[in-house]
1. Consider the range 109-132. How many of its residues are open to solvent by less than 10 Å² (accessible area, probe 1.4 Å) and either free of Cβ contacts under 8 Å to residues at least 60 places away in the same chain or on the phi > 0 side of the Ramachandran plot (or both)?
2. Can you tell me which of Thr49, Thr54 is polar (S, T, N, Q) and at pLDDT below 95?
3. Could you say whether any residue in the range 159-170 is in contact with a helix residue (DSSP H, G or I) (Cβ under 7 Å, 6 or more places away or on another chain), modelled with pLDDT of 90 or more and within 24 Å of Pro50 (Cβ to Cβ)?
4. If Met73 satisfies every condition in (1) more than 28 Å from Glu164 (Cα to Cα); (2) at pLDDT below 95; (3) assigned to a helix (DSSP H, G or I); (4) not small (Gly, Ala, Ser) but one, which is the exception?
5. Given the conditions (1) buried (at least 20 other Cβ atoms within 10 Å of the Cβ); (2) not in a helix (DSSP H, G or I), and given that Leu96 satisfies all but one, which numbered condition is not satisfied?
6. For the range 109-160, give me the residue count where each residue is over 14 Å from the mean Cα position of the chain (by Cα) and of a type outside the set (S, T, N, Q).
7. Select from the range 1-41 the residues that are at pLDDT below 50 and either aromatic (Phe, Trp, Tyr) or part of a helix (DSSP H, G or I) (or both) and write down the one among them that is surrounded by the most Cβ atoms within 10 Å (Cβ to Cβ).
8. For the subset of the range 57-80 comprising residues that are among the aliphatic types (A, V, I, L, M) and within 16 Å of Ile100 (Cα to Cα), which member is most open to solvent (accessible area, probe 1.4 Å)?
Amino acid sequence: MCGSTVRMQPFFQRSTLHERERNVNHRFRKMLLDDLPFVMAIESRTYATPWTETMFRSEFANRTALVQVIELMADSRWQLRGYAVCWIVVDELHILNIAIDSKVRRLGLGRRLLESILESARQSHCRIVTLEVRRGNFAAQALYSSFGFVSEGLRRHYYQDNVEDAVIMN
(Lines give C-alpha, C1' and ligand atoms only; values in the text may rest on other atoms or scores of the structure.)
Protein backbone atom coordinates (compact mmCIF):
# COMPACT_ATOMS: atom_id res chain seq x y z
CA MET A 1 0.00 0.00 0.00
CA CYS A 2 1.12 3.56 -0.56
CA GLY A 3 2.40 5.57 2.36
CA SER A 4 0.57 8.72 1.32
CA THR A 5 -2.17 9.83 3.67
CA VAL A 6 -5.26 10.97 1.84
CA ARG A 7 -8.44 11.61 3.76
CA MET A 8 -11.57 9.77 2.67
CA GLN A 9 -13.57 12.96 2.10
CA PRO A 10 -12.28 13.74 -1.41
CA PHE A 11 -13.01 10.21 -2.56
CA PHE A 12 -16.67 10.53 -1.82
CA GLN A 13 -17.41 13.25 -4.32
CA ARG A 14 -20.40 12.38 -6.42
CA SER A 15 -20.47 13.52 -9.98
CA THR A 16 -23.66 13.99 -11.92
CA LEU A 17 -25.16 10.93 -13.58
CA HIS A 18 -26.41 11.31 -17.13
CA GLU A 19 -30.11 10.66 -17.78
CA ARG A 20 -29.52 7.16 -19.23
CA GLU A 21 -27.53 6.29 -16.08
CA ARG A 22 -30.24 7.36 -13.62
CA ASN A 23 -32.81 4.86 -14.85
CA VAL A 24 -30.70 1.71 -14.46
CA ASN A 25 -32.18 -0.74 -11.94
CA HIS A 26 -29.22 -2.23 -10.08
CA ARG A 27 -28.15 -3.74 -6.77
CA PHE A 28 -24.93 -4.64 -4.96
CA ARG A 29 -24.14 -7.77 -3.02
CA LYS A 30 -21.24 -9.83 -1.78
CA MET A 31 -19.65 -12.03 -4.44
CA LEU A 32 -20.39 -15.76 -4.05
CA LEU A 33 -18.49 -18.79 -5.33
CA ASP A 34 -21.44 -19.50 -7.63
CA ASP A 35 -20.73 -16.14 -9.32
CA LEU A 36 -17.30 -17.21 -10.55
CA PRO A 37 -18.37 -18.40 -14.04
CA PHE A 38 -19.95 -14.98 -14.71
CA VAL A 39 -17.03 -13.12 -13.12
CA MET A 40 -14.51 -15.12 -15.15
CA ALA A 41 -16.41 -14.37 -18.37
CA ILE A 42 -16.29 -10.62 -17.67
CA GLU A 43 -12.66 -10.86 -16.53
CA SER A 44 -11.52 -12.61 -19.72
CA ARG A 45 -13.36 -10.08 -21.94
CA THR A 46 -11.95 -7.13 -19.99
CA TYR A 47 -8.27 -7.81 -19.38
CA ALA A 48 -5.39 -8.92 -21.59
CA THR A 49 -3.96 -10.76 -18.58
CA PRO A 50 -7.04 -11.87 -16.62
CA TRP A 51 -7.01 -13.13 -13.08
CA THR A 52 -7.36 -16.89 -12.79
CA GLU A 53 -10.24 -18.58 -11.04
CA THR A 54 -7.77 -19.63 -8.35
CA MET A 55 -6.91 -15.98 -7.71
CA PHE A 56 -10.57 -15.11 -7.23
CA ARG A 57 -11.14 -18.17 -5.03
CA SER A 58 -8.26 -17.15 -2.78
CA GLU A 59 -10.00 -13.85 -2.05
CA PHE A 60 -12.94 -15.71 -0.47
CA ALA A 61 -10.54 -17.05 2.17
CA ASN A 62 -8.80 -13.71 2.64
CA ARG A 63 -10.13 -11.99 5.77
CA THR A 64 -9.07 -8.58 4.48
CA ALA A 65 -10.90 -8.96 1.15
CA LEU A 66 -14.03 -7.09 0.13
CA VAL A 67 -15.52 -8.86 -2.90
CA GLN A 68 -18.63 -7.27 -4.33
CA VAL A 69 -20.77 -7.55 -7.45
CA ILE A 70 -23.21 -5.25 -9.17
CA GLU A 71 -26.27 -6.74 -10.83
CA LEU A 72 -28.74 -5.30 -13.33
CA MET A 73 -32.39 -6.22 -13.63
CA ALA A 74 -32.90 -7.54 -17.15
CA ASP A 75 -35.46 -9.94 -18.56
CA SER A 76 -37.20 -10.02 -15.14
CA ARG A 77 -34.11 -11.35 -13.34
CA TRP A 78 -30.91 -10.05 -11.78
CA GLN A 79 -27.82 -10.45 -13.96
CA LEU A 80 -24.26 -10.00 -12.72
CA ARG A 81 -22.63 -7.22 -14.74
CA GLY A 82 -19.58 -6.20 -12.75
CA TYR A 83 -17.44 -6.82 -9.70
CA ALA A 84 -14.76 -5.40 -7.47
CA VAL A 85 -12.08 -7.01 -5.35
CA CYS A 86 -10.47 -4.89 -2.65
CA TRP A 87 -8.47 -5.33 0.52
CA ILE A 88 -9.16 -3.46 3.73
CA VAL A 89 -6.02 -3.46 5.86
CA VAL A 90 -6.23 -1.44 9.08
CA ASP A 91 -7.31 1.99 7.78
CA GLU A 92 -6.53 1.49 4.08
CA LEU A 93 -8.63 0.25 1.20
CA HIS A 94 -6.67 -1.04 -1.79
CA ILE A 95 -8.67 -1.63 -4.98
CA LEU A 96 -7.19 -4.67 -6.72
CA ASN A 97 -9.63 -5.46 -9.50
CA ILE A 98 -12.74 -3.75 -10.77
CA ALA A 99 -14.58 -4.50 -14.01
CA ILE A 100 -17.90 -3.90 -15.73
CA ASP A 101 -19.17 -6.16 -18.51
CA SER A 102 -18.36 -4.56 -21.86
CA LYS A 103 -21.97 -5.16 -22.96
CA VAL A 104 -23.28 -2.65 -20.41
CA ARG A 105 -20.56 -0.04 -20.14
CA ARG A 106 -21.40 3.68 -20.25
CA LEU A 107 -24.46 3.23 -18.01
CA GLY A 108 -22.76 4.52 -14.86
CA LEU A 109 -22.32 1.07 -13.33
CA GLY A 110 -18.59 1.55 -12.76
CA ARG A 111 -19.31 4.84 -11.01
CA ARG A 112 -21.96 3.22 -8.83
CA LEU A 113 -19.74 0.26 -7.99
CA LEU A 114 -16.92 2.60 -7.02
CA GLU A 115 -19.34 4.62 -4.85
CA SER A 116 -20.39 1.42 -3.11
CA ILE A 117 -16.78 0.39 -2.50
CA LEU A 118 -15.94 3.81 -1.10
CA GLU A 119 -18.96 3.67 1.19
CA SER A 120 -17.72 0.31 2.51
CA ALA A 121 -14.33 1.93 3.07
CA ARG A 122 -15.94 4.78 4.98
CA GLN A 123 -17.94 2.35 7.14
CA SER A 124 -14.70 0.49 7.87
CA HIS A 125 -13.07 3.77 8.95
CA CYS A 126 -10.55 3.76 6.12
CA ARG A 127 -8.52 6.93 5.77
CA ILE A 128 -6.61 5.97 2.63
CA VAL A 129 -7.73 4.47 -0.68
CA THR A 130 -5.19 3.33 -3.26
CA LEU A 131 -5.19 1.60 -6.62
CA GLU A 132 -3.06 1.02 -9.68
CA VAL A 133 -4.37 1.67 -13.18
CA ARG A 134 -2.74 1.17 -16.56
CA ARG A 135 -1.00 4.29 -17.74
CA GLY A 136 -2.96 4.09 -21.01
CA ASN A 137 -6.39 3.51 -19.44
CA PHE A 138 -7.57 7.10 -19.66
CA ALA A 139 -11.26 6.26 -19.15
CA ALA A 140 -10.58 4.59 -15.79
CA GLN A 141 -8.25 7.40 -14.76
CA ALA A 142 -10.96 9.95 -15.58
CA LEU A 143 -13.48 8.00 -13.48
CA TYR A 144 -11.12 7.85 -10.51
CA SER A 145 -10.23 11.53 -10.90
CA SER A 146 -13.93 12.45 -10.81
CA PHE A 147 -13.96 10.98 -7.29
CA GLY A 148 -10.96 13.03 -6.22
CA PHE A 149 -8.23 10.48 -6.81
CA VAL A 150 -4.90 11.93 -7.89
CA SER A 151 -1.81 10.39 -9.42
CA GLU A 152 0.86 9.77 -6.81
CA GLY A 153 3.48 8.10 -8.96
CA LEU A 154 4.24 5.20 -11.28
CA ARG A 155 5.06 1.54 -10.89
CA ARG A 156 7.38 0.92 -13.82
CA HIS A 157 6.71 -2.15 -16.02
CA TYR A 158 3.91 -3.24 -13.64
CA TYR A 159 1.75 -5.11 -16.16
CA GLN A 160 3.27 -8.37 -17.38
CA ASP A 161 1.49 -8.63 -20.73
CA ASN A 162 3.11 -5.54 -22.24
CA VAL A 163 5.26 -4.15 -19.38
CA GLU A 164 3.06 -1.05 -19.28
CA ASP A 165 3.49 1.23 -16.31
CA ALA A 166 0.83 1.52 -13.63
CA VAL A 167 -0.29 4.89 -12.35
CA ILE A 168 -0.64 4.85 -8.56
CA MET A 169 -3.72 6.81 -7.54
CA ASN A 170 -5.08 7.71 -4.14
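1. 3
2. Numbers: Thr54 fails: at pLDDT below 95.
Of the residues listed, the single one that is polar (S, T, N, Q) and at pLDDT below 95 is Thr49.
3. Kept after step one, since they are in contact with a helix residue (DSSP H, G or I) (Cβ under 7 Å, 6 or more places away or on another chain), are these residues of the range 159-170: 167, 169.
Cutting the leftovers down to modelled with pLDDT of 90 or more gives us 167, 169.
Filter once more, keeping what is within 24 Å of Pro50 (Cβ to Cβ): 167, 169.
Checked against the condition, which is being in contact with a helix residue (DSSP H, G or I) (Cβ under 7 Å, 6 or more places away or on another chain), modelled with pLDDT of 90 or more and within 24 Å of Pro50 (Cβ to Cβ), the range 159-170 yields at least one hit.
4. Failing condition for Met73: (3).
5. Of (1) buried (at least 20 other Cβ atoms within 10 Å of the Cβ); (2) not in a helix (DSSP H, G or I), only one is false for Leu96: (1).
6. Residues flagged as over 14 Å from the mean Cα position of the chain (by Cα) and of a type outside the set (S, T, N, Q) within the range 109-160 amount to 18.
7. First, pick out the residues of the range 1-41 that are at pLDDT below 50: 1-21.
Add one more test, that the residue is either aromatic (Phe, Trp, Tyr) or part of a helix (DSSP H, G or I) (or both), and what stays is 9-12, 19-21.
Numbers: Gln9: 10, Pro10: 13, Phe11: 22, Phe12: 15, Glu19: 6, Arg20: 10, Glu21: 14.
Of everything passing the filter in the range 1-41, Phe11 is surrounded by the most Cβ atoms within 10 Å (Cβ to Cβ).
8. Let us first name the residues in the range 57-80 that are among the aliphatic types (A, V, I, L, M), namely 61, 65-67, 69-70, 72-74, 80.
This time we only want the ones that are within 16 Å of Ile100 (Cα to Cα), so: 67, 69-70, 72-74, 80.
Values: Val67: 12, Val69: 0, Ile70: 1, Leu72: 18, Met73: 76, Ala74: 32, Leu80: 19 Å².
The qualifying residue most open to solvent (accessible area, probe 1.4 Å) is Met73.
The values are calculated or read from the model by the stated rules, or taken from the named source; none is laboratory data. Everything numeric in this text was worked out from a predicted model, so none of it was measured. When we count neighbours, we look across all protein chains shown, and the Cβ atoms used for this are built from the backbone with ideal geometry, even at glycine. The accessibility values were calculated without ligands, DNA or RNA, using every heavy atom of the protein model including side chains. Shrake-Rupley method; radii C 1.70, N 1.55, O 1.52, S 1.80 Å.
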